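Accompanying notes for the structure given below.
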Amino acid sequence: MYEKDGTKYFVVDSHMHYWDASPQNWVAGHENYAKGWIDCFHAYQSLGPPETHWTIEHFQKYSEDDLMKDVFDQGYVDVAVFQPTYLKEWYTEGFNTTERNGALSEKHPGKFVVNTRFDPREGQAGLDELARNGTPRGGSNASTPTRASGRPTRAGRSSTSRSTPSRTS
């Protein structure tokens, strides 16, 4: 929990991705789109100090170790909300899927809220996938985040990040 001037803040990152844009995941014949997508995001690093920049090879596949270190160990996040971005037209296994996010969430209970997605172009198959993805694995939600007080948080209810002060005695 982040603390400033004696006040503790529960921090929710409400828009988070765990991606694989490595060349091994590019769809044959669509490499230019896959490369263009990740190159675009990689270029945003130029807005930060040079010592924070990653090589394109490092940036293409965000590792579990990097994510956990950046977000939870060195960052101030208590709970992160995954937002999937499939892009299976360009990435064989998808760029950032509910399944990939869910597997990481199961490995780190209480750290993540896993959102899913629905693409109406997929018709009934898409609705069936949405129904499957909307059911927590094992029949319960093992990643329900709570505040220091033990009350459930409001993680994921807002489309913007926010910090909620929490007084502790």
* Structure fact -> Spelling it out for Asp13: with amide H atoms placed in the peptide plane at 1.01 Å from N, the residues 5 or more places away or on another chain with amide H under 5 Å from its amide H are Asp78, Val79, Ala80, Val81
* Express the Stokes-Einstein translational diffusion coefficient of segment 59-120 in µm² s⁻¹, to the nearest whole number, given a Kirkwood radius over alpha-carbon pairs, 37 °C and a viscosity of 0.692 mPa s. => 263
* aspartates and glutamates with Cα under 12 Å of Lys35, excluding same-chain neighbours fewer than 8 positions away -> Asp20, Glu57
* Structure fact -> Phi angles of segment 37-42, converted by Karplus (6.51 cos²θ - 1.76 cosθ + 1.60, θ = phi - 60°) into ³J(HN,Hα) in whole Hz with x for Gly and Pro, give 4, 6, 4, 4, 5, 4
* Structure fact -> Mean 1/r over distinct Cα pairs of segment 1-98, inverted to a Kirkwood Rh in Å, yields 14.9
* Provide the per-residue ³J(HN,Hα) series for segment 20-25, in order, calculated from phi with Karplus coefficients 6.51, -1.76, 1.60 and θ = phi - 60°, each as a whole number of Hz, with x at glycine and proline positions. => 9, 10, 5, x, 5, 9
* HN-Hα J couplings of segment 51-62 from phi, Karplus 6.51/-1.76/1.60, θ = phi - 60°, integer Hz, Gly and Pro as x? -> 5, 9, 6, 9, 5, 4, 5, 5, 5, 4, 9, 6
* Once amide H atoms are placed 1.01 Å from N in the peptide plane, what residues at a sequence separation of 5 or more from His30, or on another chain, have their amide H within under 5 Å of its amide H? -> none
* Cα to Cα, under 28 Å, and not fewer than 8 places away if on the same chain: which lysines meet these conditions relative to Lys4? -> Lys69, Lys111
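A short reminder: the numbers here are calculations on the coordinates, not readings from a lab. Since we're looking at a predicted model, the values are computed, not measured.
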